[in-house]
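Please read the structure below before turning to the comments.
Each value in this text was obtained by applying a stated rule to the coordinates, not by laboratory testing. Fair warning: this is a prediction, and the values are worked out from it, not measured in the lab. All Cβ positions, glycine included, derive from the backbone under ideal geometry; neighbour counts span all protein chains shown.
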Amino acid sequence: MRATIGVLMATALITAAWAWPNYLAYFNLAAGGSARGYRLLVDSSSDWGQELPALKRWLDKHADPAPVYLSYFGIGSSEYYGVKAQPIPHASKDKLTELKAGTYCISATMLQCVYITPMGKWCRQYEDDYQAGLKERSPEKMKLLEDLQFARLAAFLRHRKPDDQVNNSILIYRLTDQDLRAALEGPPAELYDTNEVKR
């Protein structure tokens, strides 16, 4: 009994030390570990908009001339922390944001589409709305089309391992033009018959 308790206590201490300082996004190994916790829970369980300073350090360390895109869950200003990135989704008055090859920094909560209009998993209704919006490109519906474009990209990224992570809260993807064509123009990475999310 004493040996078992000792092993459990040592395991708890090692796990706590291993997770430091990212306790907010901590998940135990039974849940897949902190690096995979975003697949189970988001929002205040992993991502409360706390990682802009860490993202700035990551971008400085991995300097790349390619464009940087940011979908960030939080009210902090990325510019205040020196993060130079194109926000997505970002509504333009008359045209859809053109996504190019580059570094995509996506908060775990945004990846799961918890707080944008096409909420949750990608489904047939979203796909129909997206395709219709691409054909129409009405200025009045540009915000919806922008959100749908991001949600379709997020659906693609949910089926791809991130290239890196910032403190298990912001997922980093390096996407090529081919990746973006697959995400936005190819067959959807997921296509559910219905979306069970209640609005």
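List of remarks:
- Loop-located chymotrypsin sites (Phe, Trp or Tyr not before Pro) in the stretch 75-162 whose Cβ has at most 11 other Cβ within 10 Å (DSSP): Y80, Y115
- Loop GluC sites (Glu not before Pro), the stretch 56-142, which have at most 15 other Cβ atoms in a 10 Å radius of their Cβ (DSSP): E79, E98
- In this calculation the C-beta distance from E136 to T176 is compared with R0 = 30 Å, giving a FRET efficiency of 0.60.
- Neighbour counts of C-beta atoms inside 10 Å place S78, S71, S138 in the sequence S138, S78, S71, starting with the fewest.
- Remark: the S77-K143 segment gains 21.7 nm on full extension, using 0.36 nm per residue and subtracting the alpha carbon distance.
- When T97, T4 are arranged by Cβ crowding within 10 Å, least crowded first, meaning fewest neighbours, the order is T4, T97.
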